[in-house]
Structure formats: structure tokens, C-alpha cells
């Protein structure tokens, strides 16, 4: 039985709006959540590493390049985290998110960040039904598996804060009742460069709630030609996993992948060095060290391994750290980026012998 069906509703006459009409919660029989526990899971018969390789192939039917971006989204999904995507408009982020959702048989919704976007546009609202003389819950787009928030820094700060709170809590509370979000749940938020007009930069403390910050770069000339050709026809996407199998895999990662103490020490020393660099006003918090351990285990699991190497730590250092550090003003004026300093840190910190 899904989580939502275990909820004890406090309001006797409270009703929920559904596509086929309204129903009394107190009278409705518990039913399984279609996205949380789909039937027919045969994960035990699958080679998970081979299936993830197949998933990449399915995504690449529509998406050209961006292998690192795809991998980081999948890692975040398996870790229960969220991804901040920085790029200019028109880079195919919506198509990427929709395609990944299709391969995972997950529900997908999209929100466009605008200056007039409100909290109820995201989480929904309670509406009084004059005819029925009671309140109706109209769920917002956060009640999904994969949520794309396009141009999050065009939304006003209050709306940003409401979304980030939902990301952290993974539930919505209205009218004294708490409604859990579907599981798995991931937010992919795109952020325009702050140099563009009409944006509200995310506060640094809020950025820290994202597991990764991934930069979507312009494609190469060859990739751009392939993108143009791919628009001439549409390829169907085959489902590789379902939400129930994703939850099983998340638990399997915790039990099957081990991290050596020397590798753990290496990751912590990297984070510690960010706190000692003159270029940084603020370094990574312990949350960054925790992110290393969670994400690196998921990454090696995707690759079919049960052990972590220092090279794996270096691979994830950039998306984990670049949004958790704050450059001192003089270095920002010199157009130095966090990635440049992270590279120097990786060159300085001695890695354990593999």
C-alpha cells in the first residue's frame, strides 16, 4: 500500500479533486499509488548495470551528448537529491527531463519560472466548494516523480523558498493535513546565468539544498548537426525501469557498495581544503562530505561496481562543490570561477594509493 493511502485525514468532510470528479476522502477506499508501487517488477531478473546502460541508449535516441548531465540526474534520483542545471535557454533541458521520465515510467511535470509565480501555482491550494459546502484540495505540479522547474531564478524569492522547503521535506501541509509526495521525487531546476536581466539569484544557503549543480554546455559542431537531424523524426522510448524498481535499487546501493576509510578521508580533506582557500569566502559544509559518500556509491553502482576509488571522488567534486562555495568579491571581479579553484584543490590534495 502506498504512503498516501496510509494517511489519516483529520477533516471528515475534506475532499480531493481528481480527474474524474470529486470524492470524499473519508468514504474512499485506500488504493495503491500508481506511480509508487507499480506491479510487475522483475528487478531480480535484471542485470542492473546492463539495464542502466540500456537506459542511456534509450535516452540518447532523443538526446545528443550530455552524458555527464544524464548520469548526474540519475545519481541524484537514486540518492533522493535534486539537481540545479545552469545553462542558457534552448539547450533541450525539458526534452532531457521528459525522456528520462519516460525510460523510468515516472510521472513528469514542468513549471515555468516567472516573476508572478506564486506558491499555490507550485504546491496547489485549498478551495472552498460552495455547492458541497466543504474544502477541496487541488494538488499542484509538485505531486509528481520528476519535476522540472524552468528558470527558477525568475521566480520571486518567496516562491523559491516555498519550493525549496517542499524539496527538503518531500511533503506538502495544507489545512492541518500533510500530503507526502510520490516516491521517487526529484526536482530539476534550471538557472539562467545571473548576468541576464529579470532574475533573482538563489541565496547560497538555498543552493546548498541541491545535491548537484550541473552546467549544461553548448554542443560541439558535430553534436549540433546530430541534434538538427534528430528533429526530422521522432523515436519511441522504451521503458527500462519503473518507480518501484528505483526504490529497490536505492536500498540495494546502501547495502552493496562499500567506501574504504582512506577514500572517505580523501573526500573530507578535499572539502576541508575549500574552507582554507583564500579565494573562498565560505567553503563546503559537512553536507558536502555527506553528498560525496551518497553520490559516489550510486555512481559506481550504475557502473556495475561495489567499490569506490579516489578517481570517483574527483569525478564528482565539481558538481558537488561548485554551488556550495562562495568566492571572495575580489576573485569574482577577476572572473575566476569555482571550478578553477576546485581543480587546484584536486591537484594539491594527495590521493590514497588505489
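No value in this document is a laboratory result; all are computed from the given coordinates. Nothing here was measured: the structure is a model prediction, and the numbers come from that model. When we count neighbours, we look across all protein chains shown, and the Cβ atoms used for this are built from the backbone with ideal geometry, even at glycine.
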Over the chain, relative contact order from alpha-carbon pairs under 8 Å, at least 6 apart, %: 20 percent
Mean separation of Cα contacts under 8 Å (6+ apart) over length of segment 47-232, as relative contact order %: 31 percent
Sequence-separation-based contact order of segment 254-346, relative, with Cα cut under 8 Å and 6+ spacing, percent: 35 percent
Principal axis box of segment 93-159, alpha-carbon based, largest edge first, Å: 43, 30, 13
Where the Cα pairs of segment 68-199 fall when distances are cut into 5 Å bins, in %: 2, 10, 20, 22, 19, 14, 7, 4, 2, 1, 0
Principal axis dimensions, the chain - Cα atoms, whole angstrom, descending: 68, 50, 48
Using alpha-carbon coordinates, inclination of helix 67-79 to the longest axis of the chain, degrees: 60 degrees
For segment 254-346, alpha-carbon Rg and Dmax in angstrom: 14.0, 46
The chain: angle of helix 243-256 to the longest principal axis, Cα-based, in degrees nearest 10: 40 degrees
Highest-first arrangement of 59-72, 321-334, where packing means the average Cβ count within 10 Å: 59-72, 321-334
Cα-projected label distance for residue 254 with residue 129, points at 7 Å along beta-carbon direction, nm: 3.8 nm
Three semi-axes of the equivalent ellipsoid, segment 122-238, Cα gyration tensor, whole Å, largest first: 34, 21, 14
Ratio of the Cα radius of gyration of segment 176-303 to 2.2 N^0.38 Å, where N counts its residues: 1.42
Expected 222 nm ellipticity per residue - DSSP helices of 4 or more, -39500 (n - 2.57), all of the chain, to 500: -12000 deg cm²/dmol
Estimated translational D of segment 202-266 in µm²/s (Stokes, Kirkwood radius over Cα pairs; 4 °C; 1.567 mPa s): 75 µm²/s
Label-point separation, residue 238 to residue 205 (7 Å along Cα→Cβ), nm: 4.9 nm
Efficiency of FRET between residue 173 and residue 265 - r from beta-carbon atoms, R0 35 angstrom, step 0.05: 0.30
Helix axis angle, 286-302 relative to the chain longest principal axis, alpha carbon, degrees: 80 degrees
Peptides 228-235, 204-211, 123-130, 145-152 ordered by average Cβ neighbours within 10 Å, highest first: 145-152, 204-211, 123-130, 228-235
